[in-house]
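Every number in this text was worked out from the coordinates using simple rules, so none of it is lab data. Source: prediction; values computed, not measured. Here the Cβ positions follow ideal geometry from the backbone for every residue, glycine too, while neighbour counts run over all protein chains shown.
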Amino acid sequence: MSKILFLIILVSFFSCTEQTNPVKPPAKEELIALRENVVGWWYGKIEIKNSSNKKEWLKENRKDGTYTTTFRDTHPDGAFREHQETGIWGVSPGFIFNAVRGMNTDGKAEEIDLTDAVYYDLYKINAITPKTMTYQNMETGTGYVVVKVNETFNL
């Protein structure tokens, strides 16, 4: 009888407790909304200091946490050079990060050393709307402004 009573109490206890992951709690709604807002195609450009060149980029943040960014450096005469990087991205409240996993310059794949810290970037998100985002590289302090574009946009 005592074994049956113990079993009933034990089953009651476990059926009343919420099953959650004690190591990593579920994401809060604001973080889910931030991540959903960052998914998509983003275009940015900057003028390079002490140069008449300009740099543009088009980044696709995919829902699965991967990204591809195409960078274009354009010279005043119109000549340009492009390279791509691929990797993973993510957000944490107020921040976005990139971890480069591959590079391709002028159609040629480049090997990268994943132990090299240069391939990991953290940015503070200063402001974000459904159409624009301003952010700052935490290492260099460089600020950027990007606008959301559709997938048919080209550099």
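Summary of computed values
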quantity: Gain on full stretching of the segment that runs from Asp106 to Ser52 - 0.36 nm per residue minus C-alpha separation; calculated: 17.3 nm
quantity: With Cα atoms, 0 to 90° folded angle of helix 2-16 axis to the chain main axis; calculated: 30
quantity: Relative contact order [Cα under 8 Å, 6+ residues apart], region 30-155, whole percent; calculated: 21
quantity: Centre separation in Å (Cα based) which lies between region 110-155 and region 63-81; calculated: 12
quantity: Three-way shape call for the chain based on the alpha-carbon gyration tensor, with the a/c threshold at 1.5; calculated: prolate
quantity: Cut-off under 5 Å, modelled amide H: who pairs with Asn53 long-range; calculated: Ile48
quantity: Global geometry of region 50-97, whether rounded, prolate or oblate, following the gyration tensor of its Cα atoms and the 1.5 cut on a/c; calculated: prolate
quantity: DSSP loop GluC sites (Glu not before Pro) with at most 15 other Cβ within 10 Å excluded, longest remaining stretch of the chain; calculated: 19-110
quantity: DSSP-loop trypsin sites (Lys or Arg not before Pro) across region 54-85, with at most 10 other Cβ within 10 angstrom; calculated: Lys63
quantity: Positive-pole candidate from Leu58, Thr74, Leu34, dipole of region 20-83, charges at beta carbon; calculated: Leu34
